[in-house]
Amino acid sequence: MPVLIDTVAWVRIEDGRILCARPRGKDVFYIPGGKREGAESDLETLVREIKEELTVLLDVETVAHVGTYEADVPGLQDGAVVRMACYTAGYRGELTPSSEIEEVAWFSYADRDKVPPVDQLLFDDLKSCGDLA
């Protein structure tokens, strides 16, 4: 049975670019978000992770599912798959990287190779529907 890594991610697009974050000590950027803890819902996980990573509060009234993606995880044991449920949402506060985030960046489709395979699937969809420059 392959290992499933269950994650949620916040899709924030401004001016045709998507918000990405690089965790401290890593050289890869990710769509902000993370793994659920215990019996958390997608929404609970999303709100907690984004507050932890970017110090903003998501507006739960505006959360909308944009897609769920699955891909193999490079560098992990054979058969590990990450599932990423992606949501858009408005937010309150100022986007500020927390102590666990080294750097944030706004990526266009040209930066697709800087993110993991599961994030690349999202990039492809966003590009095909015209949301990503």
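The values are calculated or read from the model by the stated rules, or taken from the named source; none is laboratory data. Everything quoted here is computed from the prediction, not taken from an experiment. Every residue, glycine as well, gets a Cβ built from its backbone with ideal geometry; the counts of neighbours run over all protein chains shown.
Testing F29 on (1) surrounded by fewer than 14 Cβ atoms within 10 Å (Cβ to Cβ); (2) closer than 18 Å to L126 by Cβ, one condition comes back false. Which one is that?
(1)
Going through segment 86-116 one residue at a time, which ones are among the hydroxyl-bearing types (S, T, Y), surrounded by fewer than 12 Cβ atoms within 10 Å (Cβ to Cβ) and under 25 Å from I5 (Cβ atoms)?
Once the filter is applied, which keeps residues that are among the hydroxyl-bearing types (S, T, Y), surrounded by fewer than 12 Cβ atoms within 10 Å (Cβ to Cβ) and under 25 Å from I5 (Cβ atoms), segment 86-116 yields only S99.
In segment 60-74, is there at least one residue being of a type in the set (G, A, S), over 12 Å from the mean Cα position of the chain (by Cα) and over 20 Å from G16 (Cα atoms)?
Taking every residue of segment 60-74 in turn, at least one turns out to be of a type in the set (G, A, S), over 12 Å from the mean Cα position of the chain (by Cα) and over 20 Å from G16 (Cα atoms).
Criterion first (β-branched (V, I, T) and under 19 Å from F123 (Cα atoms)) does T68 satisfy it?
Here the answer is yes, as T68 does meet what is asked.
Show the residue pairs meeting these rules: Cβ distance below 7 Å; 6+ apart or different chains; first residue within segment 104-133 and under 11 Å from A71 (Cβ atoms); second residue of a type in the set (D, E, K, R).
Qualifying pairs under 7 Å: P117/D72; V118/E70; Q120/R112.
How do the pairs read when you match residues in segment 84-97 that are free of Cβ contacts under 8 Å to residues at least 60 places away in the same chain with residues anywhere that are part of a strand (DSSP E or B) and of a type in the set (A, V, I, L, M, F, W, C), using Cβ under 6 Å and keeping only pairs 6 or more apart or on different chains?
Within 6 Å, the pairs are R92/L57; G93/L57.
So E14 clears everything in (1) at pLDDT 95 or above; (2) surrounded by 17 or more Cβ atoms within 10 Å (Cβ to Cβ) except one condition, right? Which one?
If we test E14 against (1) at pLDDT 95 or above; (2) surrounded by 17 or more Cβ atoms within 10 Å (Cβ to Cβ), just (2) comes out false.
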